[in-house]
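Each remark here refers to the structure printed beneath this line.
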Amino acid sequence: MRRSDREVTDPSKIREIIDRCVCCRIGFYDEGDIYILPLNFGYERKQGGYTFYFHGAKEGRKITLIEKSPHVGFEMDANYALNESELPCNYSARFQSIIGTGTVSMITEKAEQKHALEKIMEHSTQMQKKWEFSEEMLNAVSVFQLDVIQLSCKEHL
């Protein structure tokens, strides 16, 4: 990271920043093109790393790209605000951001799908409770996860 003075390495601070993010953008490689998709998400720490959970349609470009290559990049950010100045070159921004790489895989087992959807609901609503998902609901969506390989966090406040 070029600006090491802005790097965040404390795991509890990183988790705090992730908790503030409402969207995770995943970048897929598509035969010379990059396809970036903003998604709502849930997450948890697993074996010292992060796993992010997503859901969506059962078909489409995203599903095709997951099947082609599991390797993705991701980005999320929070607390953006513009720092104004009298001079154009002195404008700056306040922000917190996380970027990284990982591998994406489909979740096909019903209990794991429910767990992932619970994590998405917990993150989206900031409520921890036992969410109920019917068989019909589970059959209507695809559920997938991103296992983080590399993650870096930065803030400028």
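The values are calculated or read from the model by the stated rules, or taken from the named source; none is laboratory data. Here the structure is a predicted model, which is why all the values come from computation and not from measurement. Positions of Cβ are generated from backbone atoms using ideal geometry, with glycine treated the same way; all protein chains shown enter the neighbour counts. Side chains are part of the model used for accessible areas, which takes the heavy atoms of the whole protein and leaves out ligands, DNA and RNA. Shrake-Rupley method; radii C 1.70, N 1.55, O 1.52, S 1.80 Å.
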| remark: All conditions in (1) under 21 Å from residue 126 (Cβ atoms); (2) surrounded by fewer than 11 Cβ atoms within 10 Å (Cβ to Cβ) are true of residue 98 except (2)
| Any pair with Cβ under 7 angstrom, 6 or more apart, that starts in the stretch 10-25 at a residue that is closer than 15 Å to residue 120 by Cα and touching a residue at least 12 places away in the same chain (Cβ under 8 Å) and ends at one that is of a type in the set (S, T, N, Q) and surrounded by 19 or more Cβ atoms within 10 Å (Cβ to Cβ) | 20/96
| open to solvent by 80 Å² or more (accessible area, probe 1.4 Å) and touching a Phe, Trp or Tyr at 6+ places or on another chain (Cβ under 6 Å): does that describe residue 80? | yes
| task | Filter the stretch 119-157 for residues that are small (Gly, Ala, Ser) and surrounded by fewer than 13 Cβ atoms within 10 Å (Cβ to Cβ) and give the result. | result | 124, 134, 140
| request: Return the residue satisfying two criteria in turn: it lies in the stretch 45-86 and is small (Gly, Ala, Ser) and in a loop (DSSP other than H, G, I, E, B), and of such residues it is farthest from residue 24 (Cα to Cα). | output: 85
| request: Restricting attention to the stretch 30-55, report how many residues are touching a Lys or Arg at 6+ places or on another chain (Cβ under 9 Å), at pLDDT below 95 and not basic (Lys, Arg). | output: 2
| Can we say residue 104 is in contact with a Pro (Cβ under 6 Å, 6 or more places away or on another chain) and either hydrophobic (A, V, I, L, M, F, W, C) or free of Cβ contacts under 8 Å to residues at least 40 places away in the same chain (or both)? | yes
| field | Selection within the stretch 127-143 - assigned to a loop (DSSP other than H, G, I, E, B) and free of Cβ contacts under 8 Å to residues at least 60 places away in the same chain | value | 127, 128, 129, 130, 131, 132, 133, 134
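Mind listing just one residue for me: the one in the stretch 101-118 that is in a strand (DSSP E or B) and of a type in the set (Gly, Ala, Ser) and, of those, surrounded by the most Cβ atoms within 10 Å (Cβ to Cβ)?
As a first pass, look at the stretch 101-118 and keep what is in a strand (DSSP E or B): 101-107.
If we keep only those that are of a type in the set (Gly, Ala, Ser) too, we end up with 102, 105.
Working: 102: 22, 105: 12.
For the stretch 101-118, the residue satisfying everything is 102.
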| What residue, among those in the stretch 6-61 that are acidic (Asp, Glu) and on the phi < 0 side of the Ramachandran plot, is surrounded by the most Cβ atoms within 10 Å (Cβ to Cβ)? | 44
